[in-house]
Structures are given as structure tokens and as C-alpha cells.
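J.: Got a structure for you, questions after.
The values are calculated or read from the model by the stated rules, or taken from the named source; none is laboratory data. Every value quoted in this text rests on a predicted model; they were computed, and no experiment measured them. Note that each Cβ is placed from the backbone with ideal geometry, even for glycine, and that neighbours are counted across all protein chains shown. To get the accessible areas, we keep the full protein, side chains included, count just its heavy atoms, and leave off ligands, DNA and RNA. Shrake-Rupley method; radii C 1.70, N 1.55, O 1.52, S 1.80 Å.
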Protein chains: 2
Amino acid sequence: MIKVVAENKIKQDKIEEFLALAAKLREATNTKDEGCIHYDLYQDFEDPSVLTFLEEWESMEALEKHIAADHFKEIVPQFESLVESKAMRLYKQAF
Amino acid sequence: MIKVVAENKIKQDKIEEFLALAAKLREATNTKDEGCIHYDLYQDFEDPSVLTFLEEWESMEALEKHIAADHFKEIVPQFESLVESKAMRLYKQAF
């Protein structure tokens, strides 16, 4: 099992645009990607410009297939112009 | 529903000590705290000194009770001397 925290700090005037694209990616990922246990977008309570994908995948292989999928390759590059910064971490259970 | 990402960058020589304390906190939280949907510790694949609690709570109230609980007040202060840095974000669903 793999957990992913993909944090994005969005440009103030691009939040709606990011949300629209993210909704498409979320929909496609949840319907098409095998081994996807959880995949959703979350907004920081204090800073609405921080939008973070919290994900859970059955295996590294499932995650790699997601990253190679058409919907990922079509949508994720479009985020680049909308974000100020981003940070992604891949996690395994500590115990 | 509230998601919490509580990321800790641990001092290299303090990882085992942190893990031992975190195991106690995890055990107490999962058995005692009402409204706790998920509470576990995860280790970054690339940097084993990054140990992050990924949490899900039914409500802000449940999370506040957790923070006020004896096990939290007993254990969390002991993390201070073990960590180089930490960052916590509280999230709500974006859609």
C-alpha cells in the first residue's frame, strides 16, 4: 500500500481553474485506474489556495500506471501554469 | 470529515525513539479517541527521517478532543526534542 500527499500552492487567481481540471483528473482516476484505493482533492482550512491530492494505491505498480495514463498525461501538465509551488511525498506505513 | 497531514522531519539519530513514542500515541488514539476514522504513521519512501501522521476525523470536535486527551498531552510534547522541523495541515474535501 502506498500513500501519496501531493500538495499544491495555487496562484490566487487560478484556484477555480485548478479545481475544474482537478475534478476531471479525479473523475478519470477514480473510474479508470486499477488499484486506486483513494484519490481525492482537499483544501487547507486556513489557506484555500493550498489544494492537495491525498491518495492511496494498492502498489507502486498501480501508481506508475496512473502516472502513465492518458488522463494524467493530458491534465497534469496543465497544472504547471496555475501553481506557485508544489511538493509530493510517497509514503509507506511506518509500522 | 477532516483530514490531517502532520509531517515531521526527525533528527537522524532519533528515528527509533520517535517511532517508539509514535507507536504508543497511535495505539492510544485508535483505541480511545471517538470519531477517529484513520490515524497512522507513514514513512517517506525516499527519506526515512520524514515520518508523517495521516489522519481522518469525523469532525473538528473529535480532533479537538484528541488534542485535549491525556495520551496526546503526555506523548506529543516528547516529540519536540526529536524533530528538526514539522508542518501540519488540516484539510476539508475540495468538492
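J.: Do we find a residue being modelled with pLDDT of 95 or more, in contact with a strand residue (DSSP E or B) (Cβ under 8 Å, 6 or more places away or on another chain), over 23 Å from B:Leu51 (Cα atoms) and outside any strand (DSSP E or B) anywhere in the stretch A:31-38?
T.: Looking through the stretch A:31-38, at least one residue is modelled with pLDDT of 95 or more, in contact with a strand residue (DSSP E or B) (Cβ under 8 Å, 6 or more places away or on another chain), over 23 Å from B:Leu51 (Cα atoms) and outside any strand (DSSP E or B).
J.: Can you tell me which residue among B:Ile67, B:Ile10 is within 15 Å of the chain's Cα centre (by Cα) and open to solvent by 70 Å² or more (accessible area, probe 1.4 Å)?
T.: Numbers: B:Ile10 fails: open to solvent by 70 Å² or more (accessible area, probe 1.4 Å).
Only one candidate qualifies: B:Ile67.
J.: Would you confirm whether or not the stretch A:24-42 contains a residue that is β-branched (Val, Ile, Thr) and within 11 Å of chain B (Cβ to nearest Cβ)? Please lay out each step first, then the result.
T.: Narrowing the stretch A:24-42 to residues β-branched (Val, Ile, Thr): A:29, A:31, A:37.
Imposing the further condition that a residue be within 11 Å of chain B (Cβ to nearest Cβ) reduces the set to none.
There is no residue in the stretch A:24-42 that is β-branched (Val, Ile, Thr) and within 11 Å of chain B (Cβ to nearest Cβ).
J.: Considering only residues of the stretch A:4-55 that are touching a residue at least 60 places away in the same chain (Cβ under 8 Å) and among the β-branched types (Val, Ile, Thr), which is nearest to A:Glu84 (Cα to Cα)?
T.: Selected residue: A:Ile10.
J.: Next question. Look at the stretch A:29-64 and say how many of its residues are among the small types (Gly, Ala, Ser) and in contact with a helix residue (DSSP H, G or I) (Cβ under 9 Å, 6 or more places away or on another chain). Show your work before the answer.
T.: Just the residues of the stretch A:29-64 that are among the small types (Gly, Ala, Ser), to begin with: A:35, A:49, A:59, A:62.
Within this subset, residues satisfying the condition of being in contact with a helix residue (DSSP H, G or I) (Cβ under 9 Å, 6 or more places away or on another chain) are A:35, A:49.
Result for the stretch A:29-64: 2.
J.: Might you let me know whether the stretch B:33-41 holds any residue that is open to solvent by 70 Å² or more (accessible area, probe 1.4 Å) and over 30 Å from A:Glu27 (Cα atoms)? Step through it out loud before you land on a result.
T.: Taking the stretch B:33-41 and keeping what is open to solvent by 70 Å² or more (accessible area, probe 1.4 Å), we get B:34, B:37.
Then drop every residue that is not over 30 Å from A:Glu27 (Cα atoms), which leaves B:34.
Scanning the stretch B:33-41, I find at least one residue that is open to solvent by 70 Å² or more (accessible area, probe 1.4 Å) and over 30 Å from A:Glu27 (Cα atoms), so the answer is yes.
Conditions (1) of a type in the set (Val, Ile, Thr); (2) surrounded by fewer than 18 Cβ atoms within 10 Å (Cβ to Cβ); (3) in contact with a His (Cβ under 9 Å, 6 or more places away or on another chain), marked per residue:
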| position | (1), (2), (3) |
| --- | --- |
| A:Thr31 | yes, yes, no |
| A:Phe45 | no, yes, no |
| A:Ser49 | no, yes, no |
| A:Ser59 | no, yes, no |
| A:Phe72 | no, yes, yes |
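J.: Suppose we keep only residues that are among the hydroxyl-bearing types (Ser, Thr, Tyr) and touching a strand residue (DSSP E or B) at 6+ places or on another chain (Cβ under 7 Å) within the stretch A:61-95. Which one would you say is nearest to the other protein chains (Cβ to nearest Cβ)?
T.: Quick first cut of the stretch A:61-95, residues among the hydroxyl-bearing types (Ser, Thr, Tyr) only: A:81, A:85, A:91.
Retained after the next criterion (residues that are touching a strand residue (DSSP E or B) at 6+ places or on another chain (Cβ under 7 Å)): A:85, A:91.
On the way: A:Ser85: 13, A:Tyr91: 4 Å.
Applying the filter and picking the extreme gives A:Tyr91.
J.: I need a count of the residues in the stretch A:15-45 that are under 17 Å from A:Ser59 (Cα atoms) and of a type in the set (Lys, Arg).
T.: 1
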